[in-house]
Amino acid sequence: MEAQVVIVTGASKGIGAATARLAAERGYAVVVNYREDAGGAAAVVRDIEAAGGRAMAIGADTSDEIAVRDMFDAAEARFGPVTSLVNNAGLVGGTTCFADLETEVLRRVLEVNVMGTLFCTREAARRMSISRGGRGGTIVNVSSVGAQLGSPGERVHYAASKGAVNSFTVGLAKEAIRDGVRVNAVSPGIVRTTANSDERIARVGPTVPIGRAGEPEEIARTILFLLSPESSYIVGANIMVTGGR
């Protein structure tokens with residue numbers, strides 16, 4: 001069985017960290033990407049190695065195409081060709097009415113959530129595509145139910161960025177599958193991570209039909225399903241992991 005190597009962006013905490021740990025548990029060599037939280041990424045790597053897995057942390061701003069290319073190079077040098085990518089890195093950009101949003105915040109949210117996803121996916125496609133000498137692969141984009149709900153009064157800008165991710169997923173999935181690259185998305189609802197304050201968890205969680213906020217591990221399990229051969233006929237899907245929200 002060929003080695004499975006996955007890059008998980010934004011993996012120093014939350015959904016990314018849970019995904020990295022679960023991927024290692026299931027036999028992947030894992031690249032734990034981070035931008036600022038080197039300590040968090042190192043802790044994830046220690047957890048994986050302590051459990052007998054293989055992992056490395058790589059600091060890279062996913063909105064920087066050169067940094068993205070270097071990250072893939074480093075991953076290949078350590079573990080071999082990258083077979084899977086999880087585009088999890090993202091920014092909420094604060095909670096505010098759209099009219100009060102600062103331009104700098106808006107630009108940064110779009111740079112990370114949209115351009116970062118595109119840069120990482122483009123690099124993966126260049127290396128995975130069979131027509132370019134690759135072996136194929138799988139890509140999962142982490143979106144948000146906010147793209148459907150709109151997040152009025154709180155995160156309209158964030159919702160818009162995830163709407164772009166959804167459209168990108170559909171288009172690329174149809175384009176890339178004949179080249180051996182299978183692309184899907186996961187849209188979490190409200191999840192207990194640092195992206196959601198305790199106040200927001202307490203306010204929104206009980207309104208979810210299931211009666212609570214989700215846990216990062218619950219999202220990670222869906223991501224790993226989409227990376228695995230068990231989802232071999234799923235292409236261009238966007239699985240809502242929302243507790244019914």
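Every number here is computed from the coordinates shown, using simple stated rules; none is lab data. Since the model is a prediction, treat every value here as computed from it, not as a measurement. FYI the Cβ positions are ideal-geometry reconstructions off the backbone, even for glycines, and counts take in every protein chain you see.
Below, the figures for the structure above:
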| read-out | value |
| --- | --- |
| Among (1) more than 22 Å from residue 105 (Cα to Cα); (2) crowded, with 20+ Cβ neighbours inside 10 Å; (3) free of Cβ contacts under 8 Å to residues at least 12 places away in the same chain, the one test that residue 225 misses | (2) |
| Qualifying residue in region 83-91 (condition: within 18 Å of residue 144 (Cβ to Cβ) and surrounded by fewer than 23 Cβ atoms within 10 Å (Cβ to Cβ)) | yes |
| Positions within region 169-199 being over 14 Å from the mean Cα position of the chain (by Cα), touching a residue at least 24 places away in the same chain (Cβ under 8 Å) and in a helix (DSSP H, G or I), in sequence order | 170, 172, 173, 174, 176, 177, 179 |
| Criterion (touching a strand residue (DSSP E or B) at 6+ places or on another chain (Cβ under 8 Å) and closer than 25 Å to residue 204 by Cα) met by exactly one of 161, 144 | 144 |
| Residue under evaluation residue 82, criteria (1) under 18 Å from residue 5 (Cα atoms); (2) of a type in the set (A, V, I, L, M); (3) out of contact with any strand residue (DSSP E or B) (no Cβ under 7 Å at 6 or more places or on another chain), criterion not met | (3) |
| Test: residue in region 173-191 that is surrounded by fewer than 18 Cβ atoms within 10 Å (Cβ to Cβ) and closer than 19 Å to residue 88 by Cβ | no |
| Matching residues in region 142-168 - criterion: being outside any helix (DSSP H, G or I) and either surrounded by fewer than 17 Cβ atoms within 10 Å (Cβ to Cβ) or not hydrophobic (A, V, I, L, M, F, W, C) (or both) | 143, 144, 150, 151, 152, 153, 154, 155 |
| Selection from region 201-245 of residues that are assigned to a loop (DSSP other than H, G, I, E, B), within 17 Å of residue 149 (Cα to Cα) and not small (Gly, Ala, Ser) | 208, 209, 242, 245 |
| Tally, over region 1-60, of residues that are in contact (Cβ under 8 Å) with a residue 60 or more places away in the chain and in a strand (DSSP E or B) | 4 |
| Any pair with Cβ under 7 angstrom, 6 or more apart, that starts in region 93-118 at a residue that is surrounded by 15 or more Cβ atoms within 10 Å (Cβ to Cβ) and ends at one that is outside any helix (DSSP H, G or I) and among the β-branched types (Val, Ile, Thr) | 112/62; 116/62 |
